[in-house]
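The values are calculated or read from the model by the stated rules, or taken from the named source; none is laboratory data. This one's a predicted model, so the numbers in the text were calculated from it and none came from an experiment. Cβ placement follows ideal geometry from the backbone for every residue including glycine, while neighbour counts extend to all protein chains displayed.
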């Protein structure tokens, strides 16, 4: 009987220790082959051009750009590559946005190895992985059609600003982390305040904490 072809995976995560540990766990499974590991969004986008790649395991937070931006960049040229988000951020912060951007699934880093392997096999078979938590979020979103929460009106960059400022970061710190100018981040701040009908960062922070958008 012919052996099954292993799933060829690339891992994009900027935390070297976590990335190395994850790759070691994956490589103990005979059905998975880790062919590359990188730490930036730009490298992940280049990796996606490899026609032999079966799945890209992608973190949401990368040093040069967000995972959401990476997904969108990849999807402009590659509609089929399975992209599985593996993030420390709770599902209610980024899962829906990641799926809308084109991700094939979303797994929290607190998940078990069994759940991660299930997700990898599923997305590599071109089936979206929807965990029970994400399924509940999707169901809730359907029920919110007539009453959208203010933060759902934000663009992905505006939402990133909201989460970061609510985590205590200054505009300058956010600009550095997102690799953007202070002027650009200030523009996202202005748009977020306007869309949410608020006037200060304190109001944004209170809203984010009240709605569990930050840990």
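Tell me which of these residue 194 doesn't satisfy, since it passes every other one: (1) surrounded by 15 or more Cβ atoms within 10 Å (Cβ to Cβ); (2) in a helix (DSSP H, G or I).
Result: residue 194 passes all but (1).
Any residue that is assigned by TED's automatic domain parsing to the domain that holds residue 105 and farther than 19 Å from residue 109 by Cα - is there at least one of those in region 80-91?
Looking for residues that are assigned by TED's automatic domain parsing to the domain that holds residue 105 and farther than 19 Å from residue 109 by Cα, one finds at least one in region 80-91, hence yes.
Going by the structure shown, is residue 68 surrounded by 15 or more Cβ atoms within 10 Å (Cβ to Cβ), part of a strand (DSSP E or B) and assigned by TED's automatic domain parsing to the domain that holds residue 123?
Judged against the criteria, residue 68 is not a match.
So which residues in region 173-188 are buried (at least 18 other Cβ atoms within 10 Å of the Cβ) and either touching a residue at least 60 places away in the same chain (Cβ under 8 Å) or under 13 Å from residue 159 (Cα atoms) (or both)?
Within region 173-188, 174, 178, 185, 188 qualify.
Among the residues of region 197-209, write down those that are over 22 Å from the mean Cα position of the chain (by Cα) and either on the phi > 0 side of the Ramachandran plot or assigned to a helix (DSSP H, G or I) (or both).
If the condition is that a residue be over 22 Å from the mean Cα position of the chain (by Cα) and either on the phi > 0 side of the Ramachandran plot or assigned to a helix (DSSP H, G or I) (or both), then 197, 201, 202, 203, 206 are the ones that fit.
For region 62-101, what are the residues that are within 17 Å of residue 214 (Cβ to Cβ) and over 13 Å from the mean Cα position of the chain (by Cα)?
none
Among what's in region 1-38 and is in contact with a helix residue (DSSP H, G or I) (Cβ under 7 Å, 6 or more places away or on another chain) and not in a strand (DSSP E or B), pick the residue that is surrounded by the most Cβ atoms within 10 Å (Cβ to Cβ).
Among them, the one singled out is 13.
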